[in-house]
1. Tell me which of Leu214, Ala233, Ala85 sits at the most positive position along the dipole axis of the chain, charges placed on C-beta atoms (Lys, Arg +1; Asp, Glu -1).
2. Based on Cβ point charges of +1 for Lys and Arg and -1 for Asp and Glu, what charge dipole magnitude is obtained for segment 320-446 about its Cα centre, in debye rounded to the nearest 20?
3. Give, rounded to the nearest 20 debye, the magnitude of the charge dipole that the chain has about its Cα centre when Lys and Arg contribute +1 at Cβ and Asp and Glu contribute -1 at Cβ.
4. If you take the beta carbon distance between Val215 and Ser290 as r and set R0 to 45 Å, what does 1/(1 + (r/R0)^6) give as a FRET efficiency, to the nearest 0.05?
5. Whole-Hz ³J(HN,Hα) for each residue in segment 189-203, computed from phi via Karplus 6.51 cos²θ - 1.76 cosθ + 1.60 with θ = phi - 60°, x for glycine and proline: what do you get?
6. Considering only protein heavy atoms and a probe of 1.4 Å, how much of the accessible area of segment 345-412 is carbon and sulfur, as a whole percent?
7. Given an 8 Å cut-off on Cα distances and at least 6 residues of separation, report the relative contact order of the chain as a percent.
8. What does the extension gain come out to for Val192 and Phe132, with contour length at 0.36 nm per residue minus their alpha carbon separation?
Amino acid sequence: MSDEELQTLDRPAGSHPPPRQAAREAVDRAAAAATPHATAQPTWLGPVLIVGIVLAALNLRPAITSLGALFEETRTGLGMSGTVAGLITSVPALCFAVFGVTAPRLSRRFGPAAVVCAGMAAVATGLLIRPFTSGAAGFLAASALSLAGIALTNVLLPVIVKRYFPDRVGTMTGLYSMALAAGTSLAAAATVPLTGALGGSWRTGLLIWAVLALVAVLPWLPIARASRRAERAATAAASGAGTAVRADAGPRVVRSRTAWALACYFGLQATGAYITMGWLPQIFRDAGVSASTAGVLLAVTMVMGVPLAFVIPGLAARMKNQGVIAAVLGVFGLTGYLGLYFAPAAGAWAWALLLGISNCAFPLVITLIGLRAKSPAGVVKLSAFAQSTGYLISIPGPLLIGALYQHSGGWDLPLALMAGLLVPQIALGILAGRDRTIEDECGMRD
């Protein structure tokens, strides 16, 4: 029994609780009424939510990887300087960090479903506008609009999962992580062939991904409306009880060591992923592998994330301590980088496979965000903090690797750094995987 229930039993018959306790109980009842599992939800909501989550996840990377596939053509077509081109390659992580910070405030004001709906609309709008821009500034602004929508959705999808599927966090996180990996690989692999089939213009090749984003907006419109109706019903119930529902701001995550471990783990795994996507083909080409084979090897690395992104979250959700998974993934990465150091061409397929497994630290850390907080308010703050801080940490990595490569004239020093970064990543993953929540560390009661 809770403390409130015990106090109720101890009260004399016919007596009333103290005013402060009565107000607290009214708030608790109203908050319970606001949760999806405490009120009768439309029968269509669950299936539509699953479709909406999958479609949203599919759209979280094509804006980036489709541009990567046509970057040379886009740069030439818009007359970009080398400096501007370098700026565009670093914009995604910066936008994810900057706009992700705003997600908790927007979620409290409008609800997470409405913000995800707006985020998908921003992705679609940016993708519709940028192929028609005539200069680098307009292209950069349209890309930033899409990336802002992606940043908000990045942060809030774990919150949606925690709120509507609290008993299936691992399964649902695995589903949308798999969809995210599939969208990443699909855009990277299909953009060039589709561009050629549709006339060869880079503008058309980028525009086609706006269609997928527009489709993703559709299921979120009724979801957002249903969410708003539930919130209004909760407000009305609270008013009838003579009190108001106060928005739960959640714990102060900066006081939590687990939150910091998650944020730094997120940053280091993102650093490894960006380095792999940006430099792995060049590493293979410098070792004597043909350009076409190097591209296929990168595709192998990326495709590994599709099945494992579904398996790892479900496995992690069944474990009390997920540190062992973080350690195993890190060891795969260490082996892959050591292989690239000593025999890059001879074992190319094995190293690509091992690095693909190691990059599945992303679905693990997304699952940990849902497991390391008790409440939706805690999840949204932890998600925003871990992702925003993590993406800021990841920004210098690819630039530093490029500078070391240019300075040393080879890959020995950069590969040693890549392998070295996995050591703190493993340690932070073990810390973040401990069975505790940020609410416990911040001294918050249930």
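The values are calculated or read from the model by the stated rules, or taken from the named source; none is laboratory data. Fair warning: this is a prediction, and the values are worked out from it, not measured in the lab. All Cβ positions, glycine included, derive from the backbone under ideal geometry; neighbour counts span all protein chains shown. All accessible areas refer to the heavy atoms of the entire protein, side chains included, with ligands and DNA or RNA removed. Shrake-Rupley method; radii C 1.70, N 1.55, O 1.52, S 1.80 Å.
1. Most positive-ward Cα: Ala233.
2. 220
3. Roughly 860 debye for the chain.
4. 0.75
5. 7, 9, 4, 5, x, 5, 4, x, 5, 9, x, x, 7, 5, 5
6. Accessible surface attributable to carbon and sulfur in segment 345-412 totals 70 percent.
7. Reported as a whole number, the value is 24 percent.
8. 19.7 nm
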